[in-house]
1. State whether segment 157-200 is rounded, prolate or oblate according to the following rule on the C-alpha gyration tensor (a ≥ b ≥ c being the square roots of its eigenvalues): a/c under 1.5 gives rounded; otherwise a/b larger than b/c gives prolate, and the remaining case gives oblate.
2. Under a point-charge model restricted to the Cβ atoms of Lys and Arg (+1) and Asp and Glu (-1), what is the dipole moment magnitude of segment 33-139 relative to its Cα centre, in debye to the nearest 20?
3. Output the DSSP H helices from the chain with an along-axis C-alpha extent of no less than 20 Å and a mean Kyte-Doolittle hydropathy no less than 0.0.
4. Among the listed pairs Lys53/Lys102; Lys167/Lys187; Lys91/Lys119; Lys91/Lys320, give every one whose C-alpha distance is greater than 26 Å.
5. What does the net charge come to around Gly12 if you take all other residues with beta carbon closer than 13 Å to its beta carbon, with K and R at +1 and D and E at -1?
6. How big is segment 239-348 by Rg and Dmax over its Cα atoms, in Å?
7. Roughly speaking, to the nearest percent, how much of the chain's 1.4 Å accessible area is carbon and sulfur?
8. How would you order 284-291, 64-71, 155-162 from highest to lowest mean count of nearby Cβ atoms within 10 Å?
Amino acid sequence: MSNDTSYNAVMGRKSEILKQATNIDFSQFEMEGIAFDYEKMMASIGYTFDQIKEIQQRQGVGDTPILELRNLTALARKCAKPGYGARIFIKDEGANPTGSFKDRRAVTSVYHAKRLGYKGVVAATSGNYGAAVASQAAALGLGCIIVQECYDSKQVGQPEILEKTRKCEALGAEVIQMTVGPELFYKFLLVLEETGYFSASLYSPYGIAGVETLGVELADQIRSITAKEGKQRDPDAVIVTHAGGGNVTGTTRGLRRRNCNSQVVAVSVNLKGLHMASDEHFNRKSFTTGHTGFGFPFATWPDRSDMPRSAARPLRYMDKYVLVNQGEVFYITELLANLEGLERGPAGNTSLSAAFALAQEMPQDNIIVVQETEYTGAGKHIQPQLSFARKNGLNITFGEPDTEVAGQSIVLPKHPTMIKAREVDLGKMRNSLIRNHLEHGNTTKDRLSKIELDFLAEETNV
């Protein structure tokens, strides 16, 4: 280990640190110029799909129920024109050990770390993933360190993040809490180097392969339900909350394993105008994940993650991308609890907000599946979230959601018909991804080769 722990020195040797911390030589996947072999990287984990499924079952992960939201469907039909209002189902990932789909991402990484002889695992996250990694590390007898972006410069932390801190520590992890800013990745690398622990990154091929089981289960369950009704069919649309891209990527890859060609709709909370690394903006948002602060940059430049090559490549897999507002998600969270008797966390209900709006645009015989839920409680509940927002100067009202301004207001819809799914121009995002590859990728040529062009075609799904 080098004695130079300055920021520039540590960032300068990040490739070697990550190679040691993942046991993956990412250089073997590099092709010509900007291109790299994504499928070879995914296959390099050394586990078949069935083996991953077996590992998850052994750890009590997966095989979560799928529930039809009959009352929300009935409400959507009241709001829609005659003959419209698709059936809404929800995949209840809150039934996983730590209450979110992130258990699927954690279990393969932690199992692999144990198999390779690492003494512990490290993850950088402010979200549910930290709890998932801590849970699996505890079950498999490994040490666990979570590096968490938690506070602004006044040492004020969001209630949702502090709840996740509590859960990680309850599961035996050491949590390193940090203020917002670019030093998070630096600290993550430094901890990996100092401890020799395994990098249980959200963006590793192990994590993404773990989510594929979700897509497979979803397809199988809907087919089983519809077969019993007399005619087997696939969902017409699967709605997936989008942040760093692993959710969209893994779920869609799982659907494709079952030759299920449902439309995949990615959804983020609209936080346009707020900078995610801004100390001033940090506590003026009520969502720490599933929002545009991650959704846009990670879709247009996936390799900004803590892996040399991210296994989350969302533009390869999404057919449509829509935005919802914070107030709409809080409102649908209340509807889910009051109409269906399911109290789930707001962040996981991001996709449900969009599904409720999109269902009204689809015929009644169509099926729409919300791909995940998450647990709620303590700081994750909508009441502490709204109280914290008001304390930070946000105006909270009932009205027209389109008047909401991120960082200034939260507008709860006056009526469910006001909930909308606002479509994003994927063409512009694909152009941004291409520009980023040309600006930051390994090329100085005036003309791209066929290999590079084929790679860009896969990256942009065109």
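1. Numbers: a/c = 3.11, a/b = 1.32, b/c = 2.35.
Here segment 157-200 falls in the oblate category.
2. On the way: 15 positive and 9 negative charges, 65 e Å.
It comes to approximately 320 debye.
3. Working: long enough: 102-116 (22 Å, -1.00); 205-229 (37 Å, 0.11); 326-340 (21 Å, 0.32); 426-440 (21 Å, -0.88).
Length and hydropathy pass: 205-229, 326-340.
4. Working: Lys53/Lys102 15 Å; Lys167/Lys187 21 Å; Lys91/Lys119 34 Å; Lys91/Lys320 20 Å.
Distance filter (> 26 Å) returns Lys91/Lys119.
5. On the way: positive: Arg13, Lys14; negative: Asp4, Glu16, Glu193.
Its environment carries a net charge of -1.
6. Looking at segment 239-348, its Cα Rg and Dmax stand at 15.0, 46 Å.
7. Working: 8330 of 17750 Å².
Answer for the chain: carbon and sulfur cover 47 percent of the accessible area.
8. Details: 284-291: 24.5, 64-71: 16.8, 155-162: 19.6.
My ranking of the peptides, most packed first, is 284-291, 155-162, 64-71.
The values are calculated or read from the model by the stated rules, or taken from the named source; none is laboratory data. Here the structure is a predicted model, which is why all the values come from computation and not from measurement. So basically every Cβ, Gly included, is an ideal-geometry build from the backbone, and we count neighbours across all protein chains shown. Just so you know, the surface numbers come from the protein's heavy atoms only, side chains and all, with ligands and any DNA or RNA stripped out. Shrake-Rupley method; radii C 1.70, N 1.55, O 1.52, S 1.80 Å.
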